[in-house]
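K.L.:
Let me begin by handing over the structure; questions about it come next.
The values are calculated or read from the model by the stated rules, or taken from the named source; none is laboratory data. Keep in mind that what you see is a predicted model, and the values were worked out from it rather than measured. Using ideal geometry, Cβ is built from the backbone for each residue, glycine included, and neighbour counts are taken over all protein chains shown.
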Amino acid sequence: MRRRQMLAGLAATATTVGWPDPALADPVSAPDIGALALLDADITNAVPESTARLTRALTRAWTVYADTRYDELCSQLPAIMGAAEASWAQAAAGRDGLAAILAGSYQLASELSIKLGNDPVARVLADRALTVANASGDATMIAAASRSVAIAMRRSGQHEDAVALLIAAAQDLDADTVRAGPDVVAAYGSLLCTAAYSSAQHGNGSRALHLLGQATEAARRLDHTRSQGGLRFNATNVAIYKIGVFTALGESAAALHHASSVRPELLPNAERRARYCIDTARAWASHGKPDRAHQALRVAAQHAPQELRRPSVRALTSTLTGALTRRS
């Protein structure tokens, strides 16, 4: 209960890593590979599928996302969304489970749209995910969809609204009760990490650090990694968020300290490894070390070349190239 009260109060205030040195792949402009098509999944000719088949298809799609094969996912996901929509619309029974699957497909489409640099599409799809998640009654799915909406809000500059939504969703989970299962605690921790980053980007350092503390406590309550909405939550996940939070707060030395605590080889997939490398690159750039930042991006290119297509990463690469050119 004390944790819930603290979250309510926050809502009211709304060792060096050694990098390999391959040549950095030139991050080409992202091709038009279908973000808009994700808005128009066609259910006219879609054939309803069983919950089991849709679950397997969505699980495979999340794996493709985790492998950063975004071009491939763009070609696969509309069909999954269409089948999930048709199945939910026509089902006479089992609608809650189908709603959770449909919400998950919308959430994945929102995440993919962000990777493709289309934030407006991401927001629409996240809103759809939350609407259907609420219909499903699945608490962790509602939390995951709320997180997607909040990310889209933050990216449009609505930081305070994003934090308020995230904290409200965290409170709704009742994760501080003895009845809360590990999946609920993982969902709770993921919401707090995202709220901390949103707070840091808005310059609210005290709130960001408090939320990180609560997320760290949630990670301690889990005895092993849990998946939730395509994410993985554990202490390493919190450490990676700390890199971004401290960089956003202008404390690059602290960000690099947390980066040094992460063992990249233990990260579960290409998307997580690339996220870690890119966040570390931003910390090095903020620390006035463009050469180290450039090396970190080289590692990201090894793990996930399609991640380097993202507009924000391309902008970082351009800035670093300019800085290194001026030094030479």
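K.L.:
May I ask you to say which residue of Arg60, Arg56, Arg95 is basic (Lys, Arg), farther than 30 Å from His303 by Cβ and surrounded by fewer than 23 Cβ atoms within 10 Å (Cβ to Cβ)? If you could, list the steps in order and put the result at the bottom.
P.N.:
On the way: Arg60 fails: farther than 30 Å from His303 by Cβ; Arg56 fails: farther than 30 Å from His303 by Cβ.
Of the residues listed, the single one that is basic (Lys, Arg), farther than 30 Å from His303 by Cβ and surrounded by fewer than 23 Cβ atoms within 10 Å (Cβ to Cβ) is Arg95.
K.L.:
For region 103-128, name all the residues that are under 19 Å from Thr63 (Cβ atoms) and of a type in the set (Gly, Ala, Ser). Talk me through it step by step, then tell me what you get.
P.N.:
Step one: of region 103-128, the residues under 19 Å from Thr63 (Cβ atoms) are 103-116.
Ala103, Gly104, Ser105, Ala109, Ser110, Ser113, listed by residue number.
K.L.:
Out of curiosity, is Arg56 closer than 15 Å to Leu39 by Cα, in a helix (DSSP H, G or I) and basic (Lys, Arg)?
P.N.:
On the way: closer than 15 Å to Leu39 by Cα: no; in a helix (DSSP H, G or I): yes; basic (Lys, Arg): yes.
The answer is no for Arg56.
K.L.:
So, one more: Give me the pairs, please: first residue somewhere in region 196-207 and closer than 9 Å to Val245 by Cβ and among the acidic types (Asp, Glu), second residue anywhere and outside any loop (DSSP other than H, G, I, E, B) and modelled with pLDDT under 95, beta-carbon distance under 6 Å, and either six or more positions apart or on two chains.
P.N.:
If the second residue must be outside any loop (DSSP other than H, G, I, E, B) and modelled with pLDDT under 95, no pairs are left.
K.L.:
Quick check on this structure: which one of Thr194, Thr131 is surrounded by fewer than 24 Cβ atoms within 10 Å (Cβ to Cβ), at pLDDT 95 or above and either in contact with a Gly (Cβ under 6 Å, 6 or more places away or on another chain) or assigned to a helix (DSSP H, G or I) (or both)? If you could, list the steps in order and put the result at the bottom.
P.N.:
Values: Thr194 fails: surrounded by fewer than 24 Cβ atoms within 10 Å (Cβ to Cβ).
Being surrounded by fewer than 24 Cβ atoms within 10 Å (Cβ to Cβ), at pLDDT 95 or above and either in contact with a Gly (Cβ under 6 Å, 6 or more places away or on another chain) or assigned to a helix (DSSP H, G or I) (or both) holds for just one of Thr194, Thr131, which is Thr131.
K.L.:
Here is a further query. What's the total number of residues in region 111-131 that are of a type in the set (Gly, Ala, Ser) and out of contact with any Ser or Thr (no Cβ under 9 Å at 6 or more places or on another chain)?
P.N.:
The first filter runs over region 111-131 and keeps only residues of a type in the set (Gly, Ala, Ser), leaving 113, 117, 122, 126, 129.
Those still in the list that are out of contact with any Ser or Thr (no Cβ under 9 Å at 6 or more places or on another chain) too: 113.
Going through region 111-131 one residue at a time, the tally reaches 1.
K.L.:
For region 219-328, please list each of the helices (runs of 4 or more DSSP H) lying entirely inside it that holds at least 1 residues being within 27 Å of Tyr188 (Cα to Cα) and touching a helix residue (DSSP H, G or I) at 6+ places or on another chain (Cβ under 6 Å). Step through it out loud before you land on a result.
P.N.:
Details: elements: 235-248, 252-260, 270-286, 290-303, 311-327.
Per the criteria, 235-248, 252-260, 270-286.
K.L.:
Still on this structure, please answer the following. Given the criteria aliphatic (A, V, I, L, M), in contact with a strand residue (DSSP E or B) (Cβ under 8 Å, 6 or more places away or on another chain) and part of a helix (DSSP H, G or I), does Ala162 qualify? Steps first, answer last, please.
P.N.:
Numbers: aliphatic (A, V, I, L, M): yes; in contact with a strand residue (DSSP E or B) (Cβ under 8 Å, 6 or more places away or on another chain): no; part of a helix (DSSP H, G or I): yes.
Judged against the criteria, Ala162 is not a match.
K.L.:
Here's another thing I want to ask about it. Among the residues of region 119-128, which ones are within 11 Å of Ala103 (Cα to Cα) and either hydrophobic (A, V, I, L, M, F, W, C) or modelled with pLDDT under 95 (or both)?
P.N.:
Those that are within 11 Å of Ala103 (Cα to Cα) and either hydrophobic (A, V, I, L, M, F, W, C) or modelled with pLDDT under 95 (or both): Leu125, Ala126.
K.L.:
Condition first: crowded, with 22+ Cβ neighbours inside 10 Å, among the small types (Gly, Ala, Ser), modelled with pLDDT of 95 or more and closer than 30 Å to Gly181 by Cβ. Can you find one or more residues in region 238-245 that meet it?
P.N.:
Yes, the conditions are met somewhere in region 238-245.
K.L.:
Go through region 152-172 residue by residue and tally those that are surrounded by fewer than 22 Cβ atoms within 10 Å (Cβ to Cβ) and closer than 18 Å to Gly104 by Cα.
P.N.:
Total satisfying the criteria: 0.
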